[in-house]
Amino acid sequence: MDENEKKADAELGKSARQVLKTFFGYDSFRPLQEDIIRSVLKGKDTLAIMPTGGGKSICYQIPALLFRGITIVVSPLISLMQDQVQGLSENGVESAFLNSTLDWNEYKETVQKIKKGQIKIVYVSPEALSTERVRSILHEVECGVSLITIDEAHCISSWGHDFRPNYLEISSFRHQFPKAVCLALTATATKKVREDICSQLKMQNPQLFVASFNRKNIFLEVRPKKDPDSQVIAYLNERKDESGIIYCFSRKQVDSLYQLLSSRGFSVLPYHAGLSDIQRAKNQDLFIKDKVQIIVATIAFGMGINKPNVRFVINYDIPKSVEEYYQEIGRAGRDGLPSEALLLYSGSDTHKVRFFFDSSADPEKDEELLKQMVFYATGKTCRRKMLLNYFGETYSPSEAKGDCCCDICRMGPLPESDVTLPAQKFLSCIYRTGERFGTSYIIDVLLGSKNKRILDNSHTKITTWGIGKELSKSEWFDIAECLIDQGYITKYGDYNILKVLPKGKNALVNRTKISLPVLIKEERVLNQVVPKKKSLTLIKKEDFLRNLLPDDKNLYQAIREWRKKTADEENVPPYVIFGDKTLEELVEKKPRNQGELRNVFGIGSVKAEKIGSQVLRLIEILTE
């Protein structure tokens, strides 16, 4: 790069940072944001892979404000368009969407503004973009189209986890605007998906940016699925007044859990494809605006939801793939504050997932994706390391000082304990039943079950029937997983049938001592119990509030209530006014004038002008 190019590059960076501060109130970019923005401003087709909550929107919003022409954003969901437009409007950016929520007069007015170049960012769905009406409107824009952005770009690839055929129409639209820069954004994409995105969009020598998949603020946890309803209720009781999403595999499970939680007094609503469009939109709107705290949903919920204060995501059932899991947990903690992801895992849940493989276009691929998800759920090493390794990123838990890491790292490695007797019982039971059954069946035999299948097989008459009642079902599952992990037994076939490996046979024949890293009740097998610890999310949140002086606590609550009241009056979510991180800085810094207010995270010149006098007055009254 020669001196002139360096100078031009520096000017681009300076202009981008000025826009970032003025309109969005941020002093610096997140990792890779500035590099992506520079690439777009230089007119280069760009593909950016950034984690959910990593700040993808800024990557097209800032170029949109610097380009002369308008920016088209292809978005898959109406809710995402509305969310983005509300947020941009609050920050003083002229934007609009073209979709079915507009009545005819609103639609005509919006179209006129777009044609005159009065709108900088226009959101459209891939379906709308394929129509002649929308394309003709965009051809009549006086200032032209400068940037075409494809959000959730993995939807264009048949190898992506959420392929949508309508996305394939985007390439023909691109052909009609050959001078417009193309920016594709997505949270997850393997190498094959990335190549497919570039090919489908006919990108010319695209610049590729892949951000770290490490969401440091999300604490990762997997718990054995024992009594899931009770586990969820206990979890929610520890997180009063927090916003969260609970993902279930089926509509039936969503409705059942919603009804249970509602009957227990939780602020909760359901979301799934079985509800009407109107009801789904209403429930989502109430959740986004903090008028309901918890959404129980199928995977249909969440794509493009920009709600930054989701403090936890619970997976009631195992997701179909690591990509799906990563997308779902990524909806927690988008504001960068400590948040949590809890997965309740039971091996029997995989059968529900496999039920749909027969109708799949590629059941072998689906099976491999599920296998990787089970490997993550049953792993005994750092979950963050396993998750990042899946996406081709290295990570060392020793570098995680200060991070919210995972349940395994928080607890430390479990000591290996002598479980020779229960392990021998388990191995013997596999033999006695003919090595023809899965884990659940073996455990039922050990616990003395008289279910029809066991009676039909006459397994109430074998010597291992009922000899394992000293342990709970979940404890037997832990032993089974460890025996698999340590190479004593293995699973095979469609039904995960257990088979004893040579190591297990030798241990039985020679009565070898078997030590495994399992946690079983104190009075039974283990001499050491790892004490229950509070989640790091709760600790950090409690530390902030606990360390506040009484007057500051009053100020915190007063600003929070003012934010909610203002949001209700403007019919927008509270985070559109400002996020929780901004709320905390207002309490800590207590700005006294407009200049000091603009130094608070998330408050730029436009927002300071709009709400500054009210916030400053509130701070003044409560700190006199």
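Which of (1) in contact with a Leu (Cβ under 6 Å, 6 or more places away or on another chain); (2) at pLDDT 90 or above; (3) not polar (S, T, N, Q) does LYS564 not meet, given it meets every other one?
The failed condition is (1).
From the list THR101, THR149, which one is in contact with a helix residue (DSSP H, G or I) (Cβ under 8 Å, 6 or more places away or on another chain) and open to solvent by 20 Å² or more (accessible area, probe 1.4 Å)?
Values: THR149 fails: open to solvent by 20 Å² or more (accessible area, probe 1.4 Å).
Unique residue meeting the criteria: THR101.
Limited to region 16-38, what total is found for residues that are surrounded by 16 or more Cβ atoms within 10 Å (Cβ to Cβ), polar (S, T, N, Q) and either at pLDDT below 90 or over 24 Å from THR52 (Cβ atoms) (or both)?
Residues flagged as surrounded by 16 or more Cβ atoms within 10 Å (Cβ to Cβ), polar (S, T, N, Q) and either at pLDDT below 90 or over 24 Å from THR52 (Cβ atoms) (or both) within region 16-38 amount to 1.
Taking the conditions exactly as written (buried (at least 22 other Cβ atoms within 10 Å of the Cβ) and more than 30 Å from TYR26 (Cα to Cα)), does TYR167 satisfy them or not?
Answer is yes for this residue.
Test GLU435 against the stated conditions and say whether it is in contact with a Leu (Cβ under 8 Å, 6 or more places away or on another chain), modelled with pLDDT of 90 or more and of a type outside the set (Gly, Ala, Ser).
Working: in contact with a Leu (Cβ under 8 Å, 6 or more places away or on another chain): yes; modelled with pLDDT of 90 or more: yes; of a type outside the set (Gly, Ala, Ser): yes.
The answer is yes for GLU435.
Restrict the check to region 212-220 and report whether at least one residue is within 30 Å of VAL40 (Cα to Cα) and open to solvent by 60 Å² or more (accessible area, probe 1.4 Å).
yes
When you check LYS473 against the structure, is it over 30 Å from the mean Cα position of the chain (by Cα), within 25 Å of VAL374 (Cα to Cα), at pLDDT below 85 and surrounded by 14 or more Cβ atoms within 10 Å (Cβ to Cβ), yes or no?
Working: over 30 Å from the mean Cα position of the chain (by Cα): yes; within 25 Å of VAL374 (Cα to Cα): yes; at pLDDT below 85: yes; surrounded by 14 or more Cβ atoms within 10 Å (Cβ to Cβ): yes.
The answer is yes for LYS473.
Run LYS179 past the list (1) surrounded by 18 or more Cβ atoms within 10 Å (Cβ to Cβ); (2) outside any helix (DSSP H, G or I); (3) at pLDDT 90 or above and report the number of the one that doesn't hold.
(1)
Hey, TYR60 hits all of (1) surrounded by fewer than 18 Cβ atoms within 10 Å (Cβ to Cβ); (2) in contact with a Ser or Thr (Cβ under 8 Å, 6 or more places away or on another chain); (3) touching a residue at least 24 places away in the same chain (Cβ under 8 Å) but one; which does it fall short on?
Looking at each condition in turn, TYR60 falls short on (1).
How about region 139-168: which of its residues are at pLDDT 90 or above and on the phi > 0 side of the Ramachandran plot?
Listed by number, the list holds a single entry, GLY144.
List the helices (runs of 4 or more DSSP H) inside region 74-161, counting only whole elements, that have at least 1 residues being of a type in the set (Val, Ile, Thr). Show your work before the answer.
Working: elements: 78-90, 104-115, 126-129, 132-139.
Qualifying helices (runs of 4 or more DSSP H): 78-90, 104-115, 132-139.
Cβ contacts < 6 Å: first residue among the small types (Gly, Ala, Ser), restricted to region 497-509; second residue open to solvent by less than 80 Å² (accessible area, probe 1.4 Å), any location; separation 6+ or different chain. Result?
If the second residue must be open to solvent by less than 80 Å² (accessible area, probe 1.4 Å), the pairs left are GLY504/LEU427; GLY504/TYR488; GLY504/ILE489; ALA507/ILE514.
Using beta carbons and a limit of 7 Å, which pairs, at least six apart or on different chains, have the first residue in region 172-190 and among the hydroxyl-bearing types (Ser, Thr, Tyr) and the second one crowded, with 20+ Cβ neighbours inside 10 Å?
Listed pairs, sorted by first residue: THR186/ILE49; THR186/GLU152; THR186/ALA153; THR186/HIS154; THR188/HIS154; THR188/GLU323; THR188/TYR326; THR188/GLN327.
For region 418-477, enumerate the residues that are of a type in the set (Ser, Thr, Tyr) and more than 16 Å from VAL518 (Cβ to Cβ). Spell out the reasoning first.
Residues of region 418-477 that are of a type in the set (Ser, Thr, Tyr), as a first pass: 420, 428, 431, 433, 439-441, 449, 458, 460, 463-464, 472, 474.
Scanning region 418-477 gives SER428, TYR431, THR433, SER440, TYR441, SER449, SER458, THR460, THR463, THR464.
Answer yes or no: is there a residue in region 328-349 that is touching a Leu at 6+ places or on another chain (Cβ under 9 Å) and open to solvent by 20 Å² or more (accessible area, probe 1.4 Å).
First, the residues of region 328-349 that are touching a Leu at 6+ places or on another chain (Cβ under 9 Å): 329, 338, 340-343.
This time we only want the ones that are open to solvent by 20 Å² or more (accessible area, probe 1.4 Å), so: 338.
Looking through region 328-349, at least one residue is touching a Leu at 6+ places or on another chain (Cβ under 9 Å) and open to solvent by 20 Å² or more (accessible area, probe 1.4 Å).
In region 406-439, how many residues are open to solvent by 30 Å² or more (accessible area, probe 1.4 Å), under 16 Å from ASN496 (Cα atoms) and in contact (Cβ under 8 Å) with a residue 40 or more places away in the chain? Talk me through it step by step, then tell me what you get.
Applying the first criterion (open to solvent by 30 Å² or more (accessible area, probe 1.4 Å)) to region 406-439 yields 409-411, 413-416, 418, 421, 425, 428, 431-432, 434-436.
If we keep only those that are under 16 Å from ASN496 (Cα atoms) too, we end up with 431, 434-436.
Still in the running and in contact (Cβ under 8 Å) with a residue 40 or more places away in the chain: 431, 435-436.
Final tally of qualifying residues: 3.
Only one of (1) without any contact (Cβ under 8 Å) to a residue 24 or more places away in the chain; (2) among the β-branched types (Val, Ile, Thr); (3) more than 28 Å from ASN309 (Cα to Cα) fails for THR101. Which number is that?
Evaluating THR101 over (1) without any contact (Cβ under 8 Å) to a residue 24 or more places away in the chain; (2) among the β-branched types (Val, Ile, Thr); (3) more than 28 Å from ASN309 (Cα to Cα) leaves (3) as the failure.
The values are calculated or read from the model by the stated rules, or taken from the named source; none is laboratory data. The structure displayed is predicted, hence computed values, not measured ones. Here Cβ is always computed from backbone atoms with ideal geometry, including for glycine, and neighbour counts include all displayed protein chains. Just the protein is used for accessible areas: all its heavy atoms, side chains included, with ligands, DNA and RNA removed. Shrake-Rupley method; radii C 1.70, N 1.55, O 1.52, S 1.80 Å.
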